[in-house]
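Contents: one structure, followed by commentary.
Nothing in this text is a laboratory measurement; each read-out follows from the coordinates by a stated rule. The model shown is predicted, which means the values in this text are computed figures rather than measured ones. Because the Cβ atoms are built from the backbone with ideal geometry, glycine has one as well, and the counts that use them run over all protein chains shown.
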Amino acid sequence: MPNLTQQTSYMPADIRITIDHGLGCLTLDRPQAMNSLSLDMIRTMSQALSAWRTDENVHAALINSSTPKAFCAGGDIRFFYDVGIAGLRGGSALLEDFFTEEYALNHLIHHYPKPYIALMDGIVMGGGMGITQSSAAARIRIVTERTRMAMPEVNIGLFPDVGGGYFLSRLPGQIGTYLGLTGEIAGAADALYADLADVFIPRKELPALLTLLASVKDRQYRQAIDEFAAPFAEQIDPANSVLARQRDLIDRHFSHDNVAAIVESLKQDDDPFAKKTLDSLLQRSPLMVCVSLEQIRRSANMELADCLRLERTMVRRCFEHGEVLEGIRALVIDKDHAPQWRPASLAEVSQEMIAPFFESAWPAYAHPLRELD
């Protein structure tokens, strides 16, 4: 990649990279796939962000999208299916590289030393969440009225990865458990209430915001964004979001440490939201809902690097089992929306089925993410 300096640009496939007056900008530009992440996109982002860490010409990093429909719809699940099927016939280094490098990118972003600004306009799902949920003090996560956030991996027989175990387990109450197990969508107000976002700015104001950020003095990006967003605060009410209104119900039902107990608790509740939640839960992969709950509970007491190492093992086990391939087949390949989950019901899921997903595929010294700290 070229050595980018002030007011320069670089356009590799599917990502536009610019630096303008100290603001390094990564614009996801794969609209035909809703900016689903490819391995090349992950490598490009990792290379740019790594270079900018120590580049004195870059004071902050910003990530956004070229399409109004989506910020990022996640990883490229058609790619997962194609290389996963190939893997059943003898392995796929591309699949291994994808998840290793994606999780390393998530770690880089979580601990980024400079302001990291994410314009989360449109769909933000799965892998898109992983490149926005920085834990660094300098993070600035912006939502618009079009934002739709979710960790929907259980819909395709996977689990909330890309650091999902880490950030979901740290959301208020049981909101993270609810979002991870159901895959339900959170709007802008929900995201602000659940601490998945920091400020709201109407979509039509984003061009003005970008112009402002290119003229920020003394590197006061957070102050500039807060002041810019202040006039729009009355347009959105996190305290009246769906998650806020249903918080007591979510905390009560999702506080249990096994899925059977959560389901039984929901069955006893006549509230329409509880019934809708139960219906959603029962449509997901029974096995992966149980695996996901175990992941979220374990991750609550783990550092991010350890969570990502655990998830790297888990994703290997998912492809070995084949549940994710069946889920993708039903959703995007054959589109029959009738996955044949194994097992087919929660009653058939045993602890002996769950445990192998947490048994490391590598000794510690050989783990592909062993160098994360």
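Remarks
- For the criterion of being buried (at least 16 other Cβ atoms within 10 Å of the Cβ), in contact (Cβ under 8 Å) with a residue 60 or more places away in the chain and either closer than 16 Å to Gly187 by Cβ or in contact with a strand residue (DSSP E or B) (Cβ under 9 Å, 6 or more places away or on another chain) (or both), Ile250 passes.
- Complete set of residues in the range 14-37 that are touching a Cys at 6+ places or on another chain (Cβ under 8 Å) and either farther than 19 Å from Met129 by Cβ or of a type in the set (Ser, Thr, Tyr) (or both): Arg16, Ile17, Thr18, Ile19, Ser36
- Some residue of the range 265-276 being of a type in the set (Gly, Ala, Ser) and farther than 25 Å from Met314 by Cβ: yes
- Screening the range 295-315 for residues that are assigned to a helix (DSSP H, G or I) and free of Cβ contacts under 8 Å to residues at least 60 places away in the same chain and picking the one that is surrounded by the most Cβ atoms within 10 Å (Cβ to Cβ) gives Thr313.
- Just so you know, in the range 191-203 the residues that are of a type outside the set (Gly, Ala, Ser) and in a helix (DSSP H, G or I) include one that is nearest to the chain's Cα centre (by Cα), and it is Leu192.
- When residues of the range 33-62 are limited to those that are touching a residue at least 60 places away in the same chain (Cβ under 8 Å), closer than 15 Å to Arg78 by Cβ and hydrophobic (A, V, I, L, M, F, W, C), the one surrounded by the fewest Cβ atoms within 10 Å (Cβ to Cβ): Leu39
- Among (1) in a loop (DSSP other than H, G, I, E, B); (2) buried (at least 18 other Cβ atoms within 10 Å of the Cβ), the one test that Arg170 misses: (2)
- Within the range 331-357, residues that are touching a residue at least 12 places away in the same chain (Cβ under 8 Å) and closer than 18 Å to Glu294 by Cβ have Cβ atoms under 6 Å from residues that are of a type in the set (Asp, Glu) and in a helix (DSSP H, G or I) in these pairs: Ile354/Glu294, counting only partners at least 6 apart in sequence or on another chain.
- Residue within the range 201-220 that is free of Cβ contacts under 8 Å to residues at least 60 places away in the same chain, in contact with a Lys or Arg (Cβ under 9 Å, 6 or more places away or on another chain) and surrounded by fewer than 24 Cβ atoms within 10 Å (Cβ to Cβ) present: no
- Helices (runs of 4 or more DSSP H) fully within the range 204-254 counting 3 or more residues that are closer than 25 Å to Asp269 by Cβ: 242-245, 247-253
- The number of residues in the range 194-216 being charged (D, E, K, R) and within 21 Å of Leu168 (Cα to Cα) comes to 2.
- Scanning the range 112-167 for residues that are part of a loop (DSSP other than H, G, I, E, B), over 24 Å from Val259 (Cβ atoms) and of a type outside the set (S, T, N, Q) yields Tyr112, Pro113, Lys114, Pro115, Asp121, Gly122, Ile131, Ala136, Ala137, Ala138, Glu145, Arg146.
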